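Data block below; observations after.
The values are calculated or read from the model by the stated rules, or taken from the named source; none is laboratory data. Computed from a predicted model, the values in this text were never measured in an experiment. Positions of Cβ are backbone-derived with ideal geometry, glycine not excepted, and every protein chain shown enters the neighbour counts. Protein only, heavy atoms only, side chains kept; ligands, DNA and RNA dropped before computing areas. Shrake-Rupley method; radii C 1.70, N 1.55, O 1.52, S 1.80 Å.
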Amino acid sequence: MAVEDECKLKFLELKAKRNYRFIIFRIDGQQVVVEKLGSPEENYDDFSNSLPANECRYAVYDFDFTTAENCQKSKIFFIAWSPDSSRVRMKMVYASSKDRFKRELDGIQVELQATDPSEMSFDIIKSRAL
């Protein structure tokens, strides 16, 4: 599975320059490509609504939060979205390519696997970040 250079470049922009709140990736043929870029003004609801209900995707989300000590922090989440309603072959392709793709994105801090929206709710993201 090839990873398009744009995937790595956009991820570096999210990580270093904070140009994006999230990036959604999809597998197109034999390579991973960028499907959608979320602007810094977008929130978690915008992100979760951007994921298709019955197709797999990879996503990266830059989560800002405040610690109990009142420190501003951010964590970069890698989310493997694999809804139960997606085709079995698609789930297999995404599952088998996930680790290879994730290795290309240096700086992922938390990984999450979700098969329905409740498994990646805002509360779960928040609890995994702290």
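Each of M92, M1 has its accessible area taken with a 1.4 Å probe; listed largest first, they run M92, M1. Shown here for the range 1-59: trypsin sites (Lys or Arg not before Pro) in loop regions (DSSP other than H, G, I, E, B) with at most 14 other Cβ atoms within 10 Å, namely R18.
When only Cα pairs below 8 angstrom with a gap of at least 6 residues are kept, the range 1-128 shows a relative contact order of 21 percent. Once divided by 2.2 N^0.38 Å, the Cα radius of gyration of the chain becomes 1.01.
Roughly how many percent of the accessible protein surface of the chain is carbon and sulfur, given a 1.4 Å probe and a whole-percent answer? Answer for the chain is 47 percent, counting heavy atoms of protein chains only. Using 0.36 nm per residue and subtracting the Cα-Cα separation, the extra length available between D123 and F65 on full extension is 19.7 nm. Pairs exceeding 18 Å between alpha-carbon atoms, taken from K98/K126; K8/K126; K10/K75; K10/K126: K98/K126; K8/K126; K10/K126. Can you give the longest run of the chain that contains no GluC sites (Glu not before Pro) sitting in a DSSP loop with at most 12 other Cβ atoms inside 10 Å? In the chain, the maximal stretch lacking such sites is 70-130. Counting only aspartates and glutamates at least 8 places from K17 when in the same chain, those with an alpha carbon closer than 12 Å to its own are D62. Normalised per residue, the accessible area of the chain is 54 Å², obtained with a 1.4 Å probe and no contribution from ligands, DNA or RNA.
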